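Q: Dumping the structure here so I can ask a few things about it.
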Amino acid sequence: MKKLLMPYAKGNFTLKNHLVMAPMTRSRATDNLPNDLMSEYYKQRSGAGLIITEGTAPSPEGLGYARIPGIFSREQVAGWKKITEKVHQNNSKIFIQLMHTGRIGHAANLPAGSVVVGPTDIKAAGQIFTDTKGMQEHSVPVALSKEEIQNTVENYVRAAKNAIEAGFDGVEIHGANGYLPEQFLNPNVNNRTDEYGGSVKNRARFIVEIVTKIVNALGKDKVGIRFSPLSQNGDLAPYAENEVLETYAHLTDQMERLNIAYIHISANPDIPQKLYQTIRENFSNTIILCNGLTPASAEEVLNAGFANIAAFGRPFISNPDLDKRIEMNEEIMPATDYDTFYSPGARGYTDYPFLN
């Protein structure tokens with residue numbers, strides 16, 4: 001039997017299989033509210049042992065993109081509860097990904113009274129889509145004060161508690177892909193001179209504080225985190241490789257100390273083997289590997305010793321029954337309708353065919 005489809009257990013972290021649906025922004029949350037269309041989407045894909053939701057803002061100023069959901073209001077909690085109930089009906093687990101977009105955003109995508117924020121006021125290059133103004137340059141972020149950083153950490157904690165109330169099995173902190181936590185890590189964006197800037201330990205402080213406080217609030221078994229070492233998403237310029245190695249050695253050491261459920265690695269070709277080795281040596285709990293995997297390559301990865309379980313992104317867009325297709329050795333259909341990746345409505349979202 002394929003390892004991907006076998007049950008998984010490590011400590012208290014148990015899944016019906018080794019198959020993870022990766023977090024993917026799909027921009028269907030009109031008014032930033034989880035809705036019935038999203039409920040159908042996640043239910044269709046509940047063959048995965050673990051679903052990690054699309055990035056979900058822990059507070060209003062984290063809603064940098066159009067039509068992404070939040071988990072900071074009562075209406076949002078109620079909307080997510082319908083989704084978690086549907087997923088649990090198929091004996092799947094579901095973690096919410098807490099994503100604060102930081103400086104990657106535009107004021108037109110935020111609720112009234114909110115502003116784009118970041119570790120500093122360094123504006124991100126490039127453009128972002130808004131429903132009201134079309135493509136726009138990123139807004140200039142307001143640099144967070146130390147008090148505002150603490151408020152942001154508390155917002156993450158409240159969002160995590162809301163997630164458990166909404167029925168989630170846990171939360172994944174999005175520490176990757178150029179969003180707020182990774183903005184703190186990158187010295188090209190974070191030029192602060194206080195205890196949140198300068199040394200590797202200081203730049204990692206924001207992430208460690210978030211994870212520590214969420215673990216204290218929810219328990220270690222309900223917390224995971226995503227990293228993307230050497231990613232250049234979100235206008236993050238590369239920095240010295242030895243400093244990258246030091247950064248993730250420190251972070252994985254801290255995650256081991258906190259004994260969280262998993263670390264989720266978003267792979268890219270620039271990550272050296274030495275860094276993978278360091279992560280695995282430092283962290284004894286579950287590691288999820290994501291990006292560019294096929295069912296065949298995922299089997300190889302799971303047998304190679306670095307990753308415990310494997311995550312798929314785009315294959316789950318166009319193959320809602322990906323687990324069945326893997327089981328039956330059926331063709332995995334490519335996700336090629338790029339125009340519908342982030343558009344509103346059911347087209348390209350819940351209308352992909354099942355095998356039967």
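The values are calculated or read from the model by the stated rules, or taken from the named source; none is laboratory data. It should be emphasised that the depicted structure is a prediction, and the values quoted were computed from it without experimental measurement. So basically every Cβ, Gly included, is an ideal-geometry build from the backbone, and we count neighbours across all protein chains shown. When the accessible area is computed, the model is the full protein with side chains, heavy atoms only, and any ligands, DNA or RNA have been set aside. Shrake-Rupley method; radii C 1.70, N 1.55, O 1.52, S 1.80 Å.
Q: Identify, please: which residue in segment 14-59 is among the hydrophobic types (A, V, I, L, M, F, W, C), in a strand (DSSP E or B) and touching a Leu at 6+ places or on another chain (Cβ under 9 Å) and is, among those, farthest from SER318 (Cα to Cα)?
A: ALA57
Q: Then there's this: Restricting to segment 33-67, and then to whatever is farther than 18 Å from ARG158 by Cβ and among the hydrophobic types (A, V, I, L, M, F, W, C), can you tell me which residue is farthest from the chain's Cα centre (by Cα)?
A: So the residue we want is LEU37.
Q: Starting from segment 269-292, take each residue that is closer than 18 Å to ILE309 by Cα and list its partners that are open to solvent by 50 Å² or more (accessible area, probe 1.4 Å) and not in a helix (DSSP H, G or I), counting only C-beta distances under 6 angstrom and pairs at least six apart or across chains.
A: As it stands, the answer is THR286/LYS10, since those pairs meet every condition given.
Q: Let me ask you something else. Mind checking which residues of segment 166-183 are surrounded by fewer than 24 Cβ atoms within 10 Å (Cβ to Cβ) and of a type in the set (Gly, Ala, Ser)? Break it down into steps so the answer makes sense when it comes.
A: Initial filter on segment 166-183 (surrounded by fewer than 24 Cβ atoms within 10 Å (Cβ to Cβ)): 166-167, 169, 177-178.
Answer for segment 166-183, where residues must be surrounded by fewer than 24 Cβ atoms within 10 Å (Cβ to Cβ) and of a type in the set (Gly, Ala, Ser): ALA166, GLY167, GLY178.
Q: State the number of residues belonging to segment 318-344 that are in contact (Cβ under 8 Å) with a residue 12 or more places away in the chain, out of contact with any strand residue (DSSP E or B) (no Cβ under 7 Å at 6 or more places or on another chain) and open to solvent by less than 20 Å² (accessible area, probe 1.4 Å).
A: Total meeting the criteria: 8.
Q: Tell me, please, whether a residue that is touching a strand residue (DSSP E or B) at 6+ places or on another chain (Cβ under 6 Å), open to solvent by less than 10 Å² (accessible area, probe 1.4 Å), within 30 Å of ALA143 (Cβ to Cβ) and part of a loop (DSSP other than H, G, I, E, B) can be found in segment 71-87. Don't jump to the end; show me each part of the working.
A: If we filter segment 71-87 for residues that are touching a strand residue (DSSP E or B) at 6+ places or on another chain (Cβ under 6 Å), which is where we start, we get 71, 76, 84, 87.
Filter again for open to solvent by less than 10 Å² (accessible area, probe 1.4 Å), leaving 71, 76, 84, 87.
Adding the requirement that they be within 30 Å of ALA143 (Cβ to Cβ) leaves 71, 76.
From what's left, part of a loop (DSSP other than H, G, I, E, B): 71.
Scanning segment 71-87, I find at least one residue that is touching a strand residue (DSSP E or B) at 6+ places or on another chain (Cβ under 6 Å), open to solvent by less than 10 Å² (accessible area, probe 1.4 Å), within 30 Å of ALA143 (Cβ to Cβ) and part of a loop (DSSP other than H, G, I, E, B), so the answer is yes.
Table: residues versus (1) over 23 Å from LYS10 (Cα atoms); (2) open to solvent by 70 Å² or more (accessible area, probe 1.4 Å).
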residue	(1), (2)
ASN282	no, no
PRO295	no, no
GLU300	no, yes
ALA311	no, no
PHE316	yes, no
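Q: Same structure, new question: Among the listed residues THR25, THR30, identify the single one that is within 14 Å of the chain's Cα centre (by Cα) and open to solvent by 30 Å² or more (accessible area, probe 1.4 Å).
A: THR25
Q: Moving to a separate point now. Check whether at least one residue in segment 221-242 is part of a helix (DSSP H, G or I), among the hydrophobic types (A, V, I, L, M, F, W, C), open to solvent by less than 60 Å² (accessible area, probe 1.4 Å) and in contact (Cβ under 8 Å) with a residue 24 or more places away in the chain, and report yes or no. Outline the logic, then answer.
A: Narrowing segment 221-242 to residues part of a helix (DSSP H, G or I): 221-222, 241-242.
Among the residues that remain, those that are also among the hydrophobic types (A, V, I, L, M, F, W, C) are: none.
No, that holds for no residue.
Q: Name the one entry in LYS123, LYS161 that is surrounded by 13 or more Cβ atoms within 10 Å (Cβ to Cβ) and outside any helix (DSSP H, G or I). Please lay out each step first, then the result.
A: Working: LYS161 fails: outside any helix (DSSP H, G or I).
Being surrounded by 13 or more Cβ atoms within 10 Å (Cβ to Cβ) and outside any helix (DSSP H, G or I) holds for just one of LYS123, LYS161, which is LYS123.
Q: Restricting the search to segment 20-60, which residues are basic (Lys, Arg) and more than 14 Å from PHE341 (Cβ to Cβ)?
A: LYS43, ARG45
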